[in-house]
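Inspection log for the structure reproduced underneath, given as structure tokens.
The values are calculated or read from the model by the stated rules, or taken from the named source; none is laboratory data. The structure presented is a predicted model; accordingly, all values stated were derived computationally and were not measured. Using ideal geometry, Cβ is built from the backbone for each residue, glycine included, and neighbour counts are taken over all protein chains shown. These accessible areas exclude ligands, DNA and RNA; they are computed on the full protein's heavy atoms, side chains included. Shrake-Rupley method; radii C 1.70, N 1.55, O 1.52, S 1.80 Å.
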Amino acid sequence: MKRALPVLVLSVAGLIPVWRYEPSARAVSSVSVDPAEGSATAGDTVTGTTVRTEKGDVQVQLTYDGDTITAVKLLKQPDHPQTAAAVPRLIAATLEAQSADIDTVSGATVTSDGYRESLQAAIDARGT
């Protein structure tokens, strides 16, 4: 029993830096799809409005080839670990749905809502 208290205290002390850790690098993701060549495509580019969220600003840029969304890029995104994990899923869902009718990513609800709002603004700005 005499060893249990020091082990518990040292374990908690060792976990504190892990709990307080925040990555310093901001990840910005971009996905581009060209089924014929597998590379980036040139086309119309439309930028959505900047949406302010409690986690930070979100702004989406779309690239079209005809009426098809071929690339999605986040020009602004919150500097948050959940956002960095959610962005590739949001982009993939957008490319699949070809609209702003996509699901919220669990754990990144605020970013998902801001993303959808900026995405819809970009779609509306193009007029499709």
Do any residues in the stretch 83-110 that are among the small types (Gly, Ala, Ser) have Cβ atoms under 6 Å from those of residues that are assigned to a loop (DSSP other than H, G, I, E, B) and open to solvent by less than 40 Å² (accessible area, probe 1.4 Å), where the two are at least six apart or on different chains, and which pairs are they? Ala86/Val105; Ala86/Ala108; Ala93/Ile102
Matching option when the condition is under 24 Å from Arg126 (Cβ atoms) and touching a Leu at 6+ places or on another chain (Cβ under 6 Å), among Ile102, Ile69, Ile91: Ile69
Which one of the conditions (1) farther than 26 Å from Arg20 by Cβ; (2) in contact (Cβ under 8 Å) with a residue 24 or more places away in the chain does Gly56 fail to meet, given that it meets all the rest? (1)
How many residues, within the stretch 75-99, are part of a loop (DSSP other than H, G, I, E, B) and open to solvent by 50 Å² or more (accessible area, probe 1.4 Å)? 3
Among the candidates Ala92, Ala25, single out the residue that is among the small types (Gly, Ala, Ser) and modelled with pLDDT of 80 or more. Ala92
Name the residue that is surrounded by the most Cβ atoms within 10 Å (Cβ to Cβ), counting only residues in the stretch 100-111 that are more than 20 Å from Thr70 (Cα to Cα) and touching a helix residue (DSSP H, G or I) at 6+ places or on another chain (Cβ under 8 Å). Thr111
